[in-house]
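The values are calculated or read from the model by the stated rules, or taken from the named source; none is laboratory data. These numbers come from a predicted model, not from an experiment. Ideal geometry is used to build each Cβ from the backbone, glycine not excepted, and the neighbour counts take in all protein chains shown. Accessible surface areas use protein heavy atoms only, side chains included; no ligands, DNA or RNA. Shrake-Rupley method; radii C 1.70, N 1.55, O 1.52, S 1.80 Å.
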Amino acid sequence: MTVLEHHFLGADGIPAKHETSQVIRSMTDGLESYLYRFDTNALTVEVERGGRAGQVRRVGDGIWAVDIVLTKPLRLHETASLSYRTTFRYQEPPDPVMRRAVPEKANSVEIYVRFHPDKLPGAVWWCTWDGLDGGVLHEAVAELDDEHSVHKFLEGAEKALVGFRWEW
């Protein structure tokens, strides 16, 4: 799996949109869909390439998901290229984090967070977490670039929860 996550915050500091591009590899014969999971139901998912989005549904305690039905079923070890956009409708600001779970091995993971110039964070850290409800295992200060963004590229990530957290 290769995944590019681009997260954009609005002038109010609330996530506005999230763009994902990824290549998935089927580990079974006849894979028909990819399960995209998230921690809110205040969103809309639009698939731009590689399939179509189903309905948002609850799949666990505080976890929702949508099945992205692939353009065609994949055979064992075949790949598909997906591109989808998530648009948020938060009523209240969520926790100031952008995290990505890597449940299986990923060849590469890129996480990019862009802050609106009218609402810049006081500090940002690159982190790894001990599960969705766990604490921070490791963190390192991240500096904003000239585009008011932070970026991290990982090669060979496996069974990890990684991303950025910030303070206003």
- Positions within the stretch 54-70 being open to solvent by less than 70 Å² (accessible area, probe 1.4 Å) and within 19 Å of ALA101 (Cβ to Cβ), in sequence order: VAL56, VAL59, GLY60, GLY62, ILE63, TRP64, ALA65, VAL66, ASP67, ILE68
- Can you name the condition, by its number, that VAL109 falls short on among (1) surrounded by 11 or more Cβ atoms within 10 Å (Cβ to Cβ); (2) in contact with a Ser or Thr (Cβ under 7 Å, 6 or more places away or on another chain)? (2)
- What do you reckon, is PRO117 surrounded by fewer than 11 Cβ atoms within 10 Å (Cβ to Cβ) and either of a type in the set (Ser, Thr, Tyr) or under 22 Å from LEU9 (Cα atoms) (or both)? yes
- Consider only pairs whose beta carbons are under 8 Å apart and that are at least six residues apart or on different chains; among these, list those whose first residue lies in the stretch 135-162 and is of a type in the set (S, T, N, Q) and whose second residue is assigned to a strand (DSSP E or B). SER149/TYR112; SER149/VAL113; SER149/ARG114
- Task: Taking the options GLU5, GLU46, GLU19, GLU32, name whichever one is in a strand (DSSP E or B), open to solvent by 60 Å² or more (accessible area, probe 1.4 Å) and in contact with a Ser or Thr (Cβ under 8 Å, 6 or more places away or on another chain).
- Result: GLU46
- Message: Looking at the structure I just gave you, is ARG165 basic (Lys, Arg), in contact (Cβ under 8 Å) with a residue 12 or more places away in the chain and under 21 Å from TYR36 (Cα atoms)?
- Response: no
- Message: For the stretch 71-86: of the residues being crowded, with 20+ Cβ neighbours inside 10 Å and among the hydrophobic types (A, V, I, L, M, F, W, C), which is farthest from ALA16 (Cα to Cα)?
- Response: LEU74
- Note on the structure: Residue count, the stretch 122-168, condition within 16 Å of PHE8 (Cβ to Cβ) and open to solvent by less than 40 Å² (accessible area, probe 1.4 Å), comes to 6
- Query: Is there a residue in the stretch 87-104 that is open to solvent by 40 Å² or more (accessible area, probe 1.4 Å), among the polar types (S, T, N, Q) and within 16 Å of GLU5 (Cβ to Cβ)?
  - Reply: yes
- Query: Which pairs do you get when a residue that is of a type in the set (Asp, Glu), found in the stretch 32-61, comes within reach of a residue that is open to solvent by less than 30 Å² (accessible area, probe 1.4 Å), reach meaning Cβ atoms under 9 angstrom, with the pair 6+ apart or on two chains?
  - Reply: GLU32/LEU70; GLU32/LEU74; ASP39/GLY62; GLU46/TYR84; GLU46/THR86; GLU48/LEU82; GLU48/SER83; GLU48/TYR84
- Taking the stretch 115-168 and keeping residues part of a strand (DSSP E or B), over 16 Å from GLU5 (Cβ atoms) and among the acidic types (Asp, Glu) leaves GLU139, GLU167
